[in-house]
Each structure stands twice: as structure tokens, then as C-alpha cells.
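These notes concern the structure reproduced below.
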Amino acid sequence: LNIDFLLGILKQILPRRRDLSLIVSSATLDVKRFSEFYDSAPIVSVPGRLYPIETRWREPDDEDDLPRQIANAVDELTCEGEGDILVFLPGERDIRDATETLSGRNYKHTEIIPLLASLPTGEQQRAFRLSPGNRRIILSTNVAETSVTLPGIRYVIDSGLARISRYNPRTHVQRLQIEPVSQASANQRQGRCGRIAPGICIRLYDQPDFKK
């Protein structure tokens, strides 16, 4: 909300400050809307480099809970070679359950790192430090989708879920509910594993579900 106010204030300032140049930059920006807001401002696109990413789909399995599905996907990816794994989960409880399940598998030379906003800053910083000789498995909410960029990621496991804040005008209650993510979010998550080398993204849902 503060950013929205700031952009509006800058729009009022620009006609009075002809010497001021404004650059609005983001990797996930609706550029057309911002260009129109600033009187058809020019658009400059700088495409990033993305390596090929292999997508692997999963059929729905009601017998397997989410932590076990993640652990099975990690087992598969550890056979593919070196590189860190980023796992997208909907919330804190899911991250803690997955951490417990993965810890029970006793992976060698592996660090399991939760990434939560509620963790102390020092604990959060572990996700941004590379660990030579060890594989990192980072369990995160959708904060790692666009808000932060984690180094060293070669593989992504996407639960396809996120905890979204919704307001019900009839009950006047704000709720955090788990919902399937959009195609745009799923593609954003997948792109996290193609930054440094060819990557693999395991989606814990099938292709027809993605298309819906």
C-alpha cells in the first residue's frame, strides 16, 4: 500500500520537476498499466537468461500426504546430480511437517532449511548462504516465488498450493485459506530452477489440473 501511495505522489511531482527522471522496475510488473498511468511512458524490456527446464508432473494420489510426496520427489532429484532444491509449500505447518519427514530420511551431506517470515533473521539468512560440499533443501512459502531470489537452486518441487488472504464481505472476516496457485505463479516457481544451469521442476499435480 505504501508503494501505491508513493507512485501516486511521484506522478504529482513529475510535472513540477522536469529535471526528475523516474524508472519503475520489477521482474513481475504489469508494464502496460504502469505506462498508461504515467502518461504513456516508454517501456524498456530486459529479458533474463533462462536455461532449459524439464517439467515432471505427478498424478493425484490421495494415499500419499504432502510431506511424503515431497520426500519421494527429493529422493528422485538426489539421483539427478548436484544442486540445491527449493520446495514451495502453502504454510508454516506444512513446512514443519515436511522438515520432520525429510529429516527422518537421513540424507547425507544435506542441509534442510525452512524459510519463514516468522523465523529470526539469522535463521532466515541460512537460505541465502551457499554451503560448499552440502546440498541444501529449502522449504519455503510463496515468498521465494517473487520476493526473494535464492542462489544455487537447480531443482524445484512445487506443491501447487499457497495460503492466500481473502476477505469475506458478508462476515467481515479476513481469512488465510489454502488455494491452488495460478498458472502465472506456477511458471514463476518453475523459473527459479533455470537461473544457473538446466533445471528440473517436479509439480505435485498433473497437467490437466494446471490447465484448469
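Grab the strands (runs of 3 or more DSSP E) fully contained in the stretch 102-212, keeping just those with 3 or more residues being surrounded by 19 or more Cβ atoms within 10 Å (Cβ to Cβ).
Working: elements: 110-115, 135-140, 153-158, 161-168, 173-180, 199-203.
Answer list for the stretch 102-212: 110-115, 135-140, 153-158, 199-203.
Tell me the residue from R163, R192, R170, R175 that is over 12 Å from the mean Cα position of the chain (by Cα) and under 19 Å from A98 (Cβ atoms), please. So that I can check it myself, show each step before the final result.
Numbers: R192 fails: over 12 Å from the mean Cα position of the chain (by Cα); R170 fails: under 19 Å from A98 (Cβ atoms); R175 fails: under 19 Å from A98 (Cβ atoms).
One residue alone meets the criteria, R163.
Which of the residues spanning the stretch 79-93 are out of contact with any Asp or Glu (no Cβ under 7 Å at 6 or more places or on another chain), under 17 Å from Y205 (Cα atoms) and either at pLDDT 95 or above or open to solvent by 40 Å² or more (accessible area, probe 1.4 Å) (or both)? Give the derivation first.
Of the stretch 79-93, the ones out of contact with any Asp or Glu (no Cβ under 7 Å at 6 or more places or on another chain) are 79-87, 89-93.
Restricting the remaining residues to those that are under 17 Å from Y205 (Cα atoms) gives 86-87, 89-90.
L86, V87, L89 - these are the residues of the stretch 79-93 that are out of contact with any Asp or Glu (no Cβ under 7 Å at 6 or more places or on another chain), under 17 Å from Y205 (Cα atoms) and either at pLDDT 95 or above or open to solvent by 40 Å² or more (accessible area, probe 1.4 Å) (or both).
Looking only at the stretch 52-60, decide whether some residue is among the charged types (D, E, K, R), in contact (Cβ under 8 Å) with a residue 12 or more places away in the chain, in a strand (DSSP E or B) and open to solvent by 60 Å² or more (accessible area, probe 1.4 Å).
Filtering the stretch 52-60 for residues among the charged types (D, E, K, R) gives 54, 56, 58-59.
Then drop every residue that is not in contact (Cβ under 8 Å) with a residue 12 or more places away in the chain, which leaves 54, 56, 58-59.
Filter once more, keeping what is in a strand (DSSP E or B): 54, 56.
In the following step, the residues that additionally are open to solvent by 60 Å² or more (accessible area, probe 1.4 Å) were identified as 54.
Yes, the stretch 52-60 has at least one match.
Check off (1) surrounded by 13 or more Cβ atoms within 10 Å (Cβ to Cβ); (2) part of a loop (DSSP other than H, G, I, E, B); (3) in contact with a strand residue (DSSP E or B) (Cβ under 8 Å, 6 or more places away or on another chain) for E76 and give me the number that stays unchecked.
(2)
All but one of (1) at pLDDT below 90; (2) within 16 Å of L89 (Cα to Cα); (3) not aromatic (F, W, Y) hold for C201; which doesn't?
Every listed condition holds for C201 apart from (1).
When V44 is evaluated against the numbered criteria (1) of a type outside the set (S, T, N, Q); (2) surrounded by 12 or more Cβ atoms within 10 Å (Cβ to Cβ); (3) modelled with pLDDT under 95, which criterion, by number, is the only one it fails?
(2)
The values are calculated or read from the model by the stated rules, or taken from the named source; none is laboratory data. Nothing here was measured: the structure is a model prediction, and the numbers come from that model. When we count neighbours, we look across all protein chains shown, and the Cβ atoms used for this are built from the backbone with ideal geometry, even at glycine. Protein only, heavy atoms only, side chains kept; ligands, DNA and RNA dropped before computing areas. Shrake-Rupley method; radii C 1.70, N 1.55, O 1.52, S 1.80 Å.
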